[in-house]
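**Q** Let me begin by handing over the structure; questions about it come next.
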Ligand SMILES: [Zn+2]
Ligand SMILES: [Zn+2]
């Protein structure tokens, strides 16, 4: 069996290929990047020379899959046309940049319905994602589960509705361990992980699942408040995280860390090593 893919969210500051260096520095063998600044709407196509260099290095070092994380500012459920348009345009560029680097997909937090309810915003969300898929090629659109924050879209039930209504092989799912825990899934109990996997199987969502975000949680079970902690140092702990990544139906999936790191600069060698130590 090929070794498990374990990497982290890394910076592209100074150029796309710096993410390769950042990954190798922490002994990662896959990665996630922002395709621009995480705090600004500005998005540009990746320069062609950087793309070629990046693709060559990813291949040489065997660092696939490469995920792109969308801007946190994105909200496909907003009732503000300006914000919706900015969200759409940013995702459009993320998806086309994804195609240039053969990305395994753009991971998206759908956003907040701002109290209007999922049911009254889901048609808009579905329509926008379909339009994004129509106007781009190849790159998967990956929906990430939410931490159960008020008004945020991204429960398993909501993801199920979206996946069914969009009905495209390019729609995929990413599950984040901290978000699951914060939304009420007590991963420390093997039975809870088993029930979650059974639920995904019943809903035929398992085949859409392409990535695990592995983060410990700084906040308690069902907090509805998303704050990541280093592997094994949070409320989920080693047993819970191990239950999640070693489940027989999940143990083939790439793992991406978004942990704060020892010095708050993001995932690091120590967190990658702590993850490898959990693998069975
Ligand atoms: Zn995440
Ligand atoms: Zn998170």
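**Q** Can you give the FRET efficiency for residue 73 and residue 21, using 1/(1 + (r/R0)^6), R0 = 30 Å, r = Cβ-Cβ distance, to the nearest 0.05?
**A** E between residue 73 and residue 21, to the nearest 0.05, is 0.65.
**Q** Let me ask you something else. Quickly estimate the mean residue ellipticity at 222 nm for the chain, helices only: each DSSP H run with n ≥ 4 gives -39500 (n - 2.57), and the total goes over all residues, rounded to 500.
**A** Using -39500 (n - 2.57) per qualifying helix, the result is -12000 deg cm²/dmol.
**Q** A further question follows. What is the stretch 1-100's relative contact order, in percent, from Cα pairs under 8 angstrom and six or more apart in sequence?
**A** 27
**Q** A further question on this structure: Whole angstrom only: what separates the Cα centroid of the stretch 100-152 from the Cα centroid of the stretch 227-266?
**A** 24
**Q** If you line up the Cα atoms of the stretch 209-280 on their principal axes, what length do they span on each, largest first, in Å?
**A** Per principal axis, max minus min of the Cα coordinates gives 30, 29, 21 Å.
**Q** Compare 53, 97, 164 in a GNM of the chain, Cα atoms joined below 10 Å, and give the one with the largest fluctuation.
**A** 53
**Q** Take the eigenvalues of the Cα gyration tensor for the chain, scale each by 5, and report the square roots as semi-axes in whole Å, largest first.
**A** Its equivalent ellipsoid spans semi-axes of 25, 25, 17 Å.
**Q** Please report Rg (one decimal) and Dmax (integer) in Å for the Cα set of the stretch 96-170.
**A** Taking only Cα atoms of the stretch 96-170, I get Rg and Dmax of 12.7, 37 Å.
**Q** Still on this structure, I have one more. Mind giving me the nanometre distance, one decimal, between the label points for residue 246 and residue 277, set 7 Å out from Cα along Cα→Cβ?
**A** 1.4
**Q** Let me ask you something else. Put a dot 7 Å past each Cα toward the Cβ at residue 116 and residue 11; how far apart are the dots in nm?
**A** Each label point lies 7 Å from its Cα, and together they span 3.7 nm.
**Q** When the Debye formula is applied to the Cα atoms of the stretch 131-201, each taken as the same point scatterer, what base-10 log of I(q)/I(0) results at q = 0.22, 0.27, 0.28 Å⁻¹?
**A** Results for the stretch 131-201 at q = 0.22, 0.27, 0.28 Å⁻¹ read -1.00, -1.26, -1.31.
**Q** Given contacts defined as C-alpha pairs under 8 Å and at least six residues apart, what's the relative contact order of the chain, whole-number percent?
**A** Relative contact order, the chain: 17 percent.
**Q** While we're on this one: At 7 Å along Cα-to-Cβ for each site, give me the label-to-label distance between residue 102 and residue 41 in nm.
**A** 3.4
**Q** Work out the P(r) tail for the stretch 13-62: percent of alpha carbon pairs separated by more than 13 Å, whole number.
**A** The calculated P(r) of the stretch 13-62 puts 59 percent of pairs beyond 13 Å.
Values quoted throughout were computed directly from the atomic coordinates according to the rules given, and no laboratory measurement underlies them. Computed from a predicted structure; not experimentally measured. Counting neighbours? That spans all protein chains shown, and the Cβs are built from the backbone with ideal geometry, glycine included.
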